[in-house]
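Written below as structure tokens is the structure these notes are about.
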Amino acid sequence: MKRLLITTLAEYQTIFWLAVGKHLRALGHPVAFLSFDDRSSDMLVTHDFKVYSAVPRTQSADNNHEAIFQQFGVTHLNHWLSHERFAFGITNTPSQLRRFSEILNIADAACRDWGSNGDVVLIQELGGFLSVVGSYFAARRNNIDNWFIEPSFFRGRMFFLRNHFSALKVSDSYTGIIPDDVLNYLNETLQKGTIVIPKKDSHQYTTAFKKIINFRNARRLLQKLIDKYIHQKKQEFGHIGSYVLTHMRMLWSSYKLRSQYSDIGDGGNFIYYPLHVPGDMALTLRSPHLLDQLSLIDILCRSVPVSHKIAIKEHPAMIGAVDCRRLRELLRRYDNLHLLSPSINNYEVIRKAAAVVSINSKSGAEAALLGKPVLVLGDAFYGASPLVHKLNNIQDLPSALSTLLNQSQKKITREMIERYFAAVWFHSCPGELYVDDPDNVRIFSQSLIEAITKNQP
């Protein structure tokens with residue numbers, strides 16, 4: 001039996017993990033927590049769980065951390081620091097390096113202590129924060145498997161990633177009889193045009209104005225301020241000023257961009273590029289060379305055949321997050337570039353598009369589900385699918401776009417689509433992160449244990 005060490009970064013995560021921990025403990029699985037949030041640590045301790053606080057209480061004065069990084073096999077440091085630079089606006093590299101090394105040491109001590117009485121696995125939500133990255137490297141140094149969890153393409157299902165940050169690659173197609181529930185899911189998705197929104201992120205899918213004028217967000221902000229400045233509690237997501245400033249900028253940008261929205265009309269003569277969440281780890285860590293999406297859009301406008309246009313749309317969870325000034329300049333420079341309203345349903349746009357370009361977003365998979373030509377630029381679970389074209393060199397973009405628009409180059413049948421997405425279904429497991437109702441906790445816990453035990457040596 002494996003001993004589980006679970007990382008938690010915030011109270012909303014801990015509420016879920018606490019329910020999971022209780023369920024697993026009742027089934028006989030030892031569970032401990034590596035907590036990066038003081039409020040979470042207090043909560044877990046009251047329920048008699050072993051808690052390793054990963055919040056440094058004192059800062060090391062030593063600025064030479066090279067030896068520590070070498071011990072843990074950490075190379076390409078700027079790569080691992082990049083996510084927090086974009087997420088929190090951090091510009092102090094020495095401070096990041098100091099914190100990274102402290103996390104490595106604390107997580108290493110937790111892995112060694114919890115693993116002293118048996119085999120251990122580390123469980124984490126996939127992410128790019130130094131807390132997650134440092135815990136990963138600490139686990140691997142101790143020969144402990146790190147299991148990342150991320151939402152799959154299907155609602156209510158997850159991907160489990162063992163010892164890597166890369167996207168799970170699904171290149172095969174299902175060869176058996178496709179279950180009715182899979183076919184029904186695919187057909188219902190096509191009929192209703194329902195985009196995949198994990199429940200944990202559903203509150204993000206609204207306008208920038210509603211995010212600011214929102215009682216739930218205001219209450220959380222007040223609680224964070226009280227915890228940080230009155231109770232002196234440490235928080236992983238404690239960059240409150242940066243968070244507030246980012247959302248004020250989003251509000252202003254969304255207002256300035258409203259006048260730039262275009263109508264897609266009847267469609268057919270445009271290539272669709274749906275913008276990813278800016279600074280998401282799918283870009284910062286999985287496809288860092290494509291992190292600057294506005295530069296990519298500039299290249300797309302100069303690479304598309306003159307017979308077609310480029311249509312873009314902001315991610316509905318981060319309306320106003322793009323650099324308004326740079327985007328308006330691109331719209332002024334290129335008359336073949338059109339900005340669509342983020343309120344338009346993604347499936348509606350994809351259906352009218354001649355083709356879709358995606359780095360690694362779910363929109364690329366949605367386009368493949370609709371049988372549209374898809375060009376994949378980054379590290380995506382569907383990048384090796386027979387349904388899409390994969391571009392390995394951005395310099396080949398002009399010819400790749402021409403090939404993409406030539407439908408005769410790649411014949412896609414409905415059966416091919418159904419068999420590929422059936423394979424994706426069977427590479428995923430039921431359950432959702434941070435949904436603490438009893439049924440989901442039970443299903444999630446079962447999927448977690450099955451994933452771990454199935455891959456035991």
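The values are calculated or read from the model by the stated rules, or taken from the named source; none is laboratory data. The structure presented is a predicted model; accordingly, all values stated were derived computationally and were not measured. Don't worry about glycine lacking a Cβ; one is built from the backbone with ideal geometry, like all the others, and counts go over all protein chains shown. Surface areas here come from the heavy atoms of the whole protein model, side chains and all, with no ligands, DNA or RNA. Shrake-Rupley method; radii C 1.70, N 1.55, O 1.52, S 1.80 Å.
Which number do you get for Rg(Cα) / (2.2 N^0.38 Å) in region 73-134?
Against the compact-globule rule of thumb, the ratio is 1.25.
Tell me, what is the 1.4 Å probe accessible area of Thr403, in Å² to the nearest 10?
Spelled out: Thr403, probe radius 1.4 Å, area about 60 Å².
Could you compute how much accessible surface Glu11 exposes when probed at 1.4 Å, giving the result in Å² to the nearest 10?
50
What do you get for trypsin sites (Lys or Arg not before Pro) in region 360-439 restricted to DSSP loop and a cutoff of at most 15 other Cβ within 10 Å of the site's Cβ? Display every interim value, and only then the final one.
Working: sites: Lys362, Lys390, Lys410, Lys411, Arg414, Arg419; in loops: Lys410, Lys411.
The qualifying sites are Lys410, Lys411.
Is the C-alpha gyration tensor of region 264-346 telling us rounded, prolate or oblate? Criteria: a/c under 1.5 is rounded; beyond that, a/b larger than b/c is prolate, otherwise oblate. Please list the in-between numbers first.
Working: a/c = 1.64, a/b = 1.36, b/c = 1.21.
Because a/c hits 1.5 or more and a/b exceeds b/c, region 264-346 counts as prolate.
Checking the a/c ratio against 1.5 first, then a/b against b/c, what shape does the Cα gyration tensor give for region 13-117?
Details: a/c = 2.32, a/b = 1.82, b/c = 1.27.
Prolate shape, in that a/c is at least 1.5 and a/b is the bigger ratio.
Which entries in Lys192/Lys352; Lys256/Lys362; Lys362/Lys411; Lys50/Lys454; Lys169/Lys313; Lys362/Lys390 show an alpha-carbon gap greater than 20 Å?
Going by Cα-Cα distance, Lys256/Lys362; Lys362/Lys411; Lys50/Lys454; Lys169/Lys313 fall outside the 20 Å limit.
Among Leu122, Asn184, His79, pick out the residue whose Cα is farthest towards the positive end of the charge dipole of region 70-185, where Lys and Arg carry +1 and Asp and Glu carry -1 on C-beta, about the Cα centre.
The residue sitting most towards the positive pole is His79.
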